[in-house]
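Pasting a structure below so you can have a look.
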Amino acid sequence: MISTDVLSQFGLFQGLPESLMTEIAAISSEVSAKQGDFIFREGEKADKALLKTI
């Protein structure tokens, strides 16, 4: 689970009710990747959304 504060940094989630943000945060997770790592490959099933931060 990530925090609703992290989600609110993305315009996609701004303006959503706090209850919905809490639900989304509960099913979300943070993943780290280094430069050169593959985060997905062509042809893989699209079963998640990825939001990139710097």
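The values are calculated or read from the model by the stated rules, or taken from the named source; none is laboratory data. Computed from a prediction, not measured in an experiment: that's the story for all the values here. Using ideal geometry, Cβ is built from the backbone for each residue, glycine included, and neighbour counts are taken over all protein chains shown.
Spot the failing condition for residue 25; the list is (1) in a loop (DSSP other than H, G, I, E, B); (2) of a type outside the set (S, T, N, Q); (3) under 10 Å from the mean Cα position of the chain (by Cα), and only one is missed.
(1)
Return the pairs, sorted by first residue and then second, in which the second residue is in a loop (DSSP other than H, G, I, E, B) and among the basic types (Lys, Arg), the first residue lies in the stretch 20-33 and is on the phi > 0 side of the Ramachandran plot, the beta carbons are less than 8 Å apart, and the residues are 6+ apart or on different chains.
From residues that are on the phi > 0 side of the Ramachandran plot, there are no pairs.
The conditions are (1) free of Cβ contacts under 8 Å to residues at least 24 places away in the same chain; (2) surrounded by 10 or more Cβ atoms within 10 Å (Cβ to Cβ); (3) closer than 18 Å to residue 54 by Cβ, and residue 10 fails exactly one of them. Which is it?
Checking residue 10 against (1) free of Cβ contacts under 8 Å to residues at least 24 places away in the same chain; (2) surrounded by 10 or more Cβ atoms within 10 Å (Cβ to Cβ); (3) closer than 18 Å to residue 54 by Cβ, the one that fails is (1).
Testing residue 16 on (1) part of a helix (DSSP H, G or I); (2) surrounded by 12 or more Cβ atoms within 10 Å (Cβ to Cβ); (3) not basic (Lys, Arg), one condition comes back false. Which one is that?
Of the numbered conditions (1) part of a helix (DSSP H, G or I); (2) surrounded by 12 or more Cβ atoms within 10 Å (Cβ to Cβ); (3) not basic (Lys, Arg), the odd one out for residue 16 is (1).
Can you say whether residue 29 is surrounded by 10 or more Cβ atoms within 10 Å (Cβ to Cβ) and either of a type in the set (Asp, Glu) or at pLDDT below 95 (or both), as far as the supplied structure shows?
Here the answer is no, as residue 29 does not meet what is asked.
Taking the options 53, 22, name whichever one is modelled with pLDDT of 95 or more and not charged (D, E, K, R).
Exactly one of 53, 22 is modelled with pLDDT of 95 or more and not charged (D, E, K, R), namely 22.
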